[in-house]
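The next block holds one structure in the form of structure tokens; read it before the comments.
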Amino acid sequence: MSSILLETTERPRSLVFTWLARANGLSLDAPLVALVWSSLLLHWTGGTSSGTAVNSVWPGLGPVTASEAVLALTVWLIYVADRLLDVRRLDFSAATADRHRFVRRVAVPMVAAWIVGLAIDLWMTLTLLDDATRRAGWAVVLLVVLYFVAVHRSVLKTDHPKELWVGLIFAVGTGLPAWCHGLTFAAAVATIALIALCIVNCLIVSVGQQHADDQQGDPSWLKRRTNIRRRLTPISIGIALFAAINGATGVLPVTVSAPLIGSALILASLAQQLKDTSDQTATNRVCLLADYALIAPAALTLLAAGWA
């Protein structure tokens, strides 16, 4: 889900990691995180939150397909825009994230794809979403715009934890199609857990790319929080316990609590590896796998429940 992966020019050696790195370079992993979790939450709520279809018009493709498509495409547009803006300011003679070097090489076709994607996204938003989903979506877009202004105008470079903002906005946007018609207590609990997972995801990647940030001269909130690396594992385990308790007490169904627990435990393992290693290749791989820690449990749950 994070837009901050692979921090040096060294490429993964295995074919699997090479393809994962390319998917990250094309900004495909973050939309996939949003898509699987949005689909999971929509199936939990039955596609509605208060008896109103999340999307009432997409003939032949079901009541929620358009909202999921808009979400995934919007996430892709946001992440590509963020990287294109990053490429403009980075010093490529210094250590630079692999994703940024990739985007720099394919900037022209990426911009063209972004323009086409924006046109499709706007068309679907204006014609295929119901009013409640559309209004809530514009509110999240406003938050994203404010974040872009803050980050790329250096307002959030030093004094504020941008990783917290990214995790918060991403998780809220992902849950939007399911919650925009009404937020129950159980939905709020699931949203809190998802926000926490997304923040940990961003922090793992930010810690892993600290060297590249230093080389680029990017000030970071994490520099003043040197104990974050040690705390990511217990924080992730705490999220797993939070989800387990709410699953055991019936607040969350197993189809939501299980993937929350699975993602939290995988992130805990990745955070532990990040703490125990100083090898840059191993660090790169931990950062690359952070998004897939959010994808795999939710996707497997969808497949097991026959919802995918």
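Worth a mention:
- For the peptides 233-244, 161-172, the ranking by mean Cβ contacts within 10 Å, running from highest to lowest, is 161-172, 233-244.
- Exposure proxy order (Cβ contacts within 10 Å, fewest to most) of R89, R225: R89, R225
- With both labels modelled 7 Å from their Cα along Cα-to-Cβ, the F185 to A113 distance reads 4.6 nm.
Coordinate-derived values only; no laboratory data. It should be emphasised that the depicted structure is a prediction, and the values quoted were computed from it without experimental measurement. All Cβ positions, even for glycine, are placed from backbone atoms using ideal geometry, and neighbour counts span all protein chains on display.
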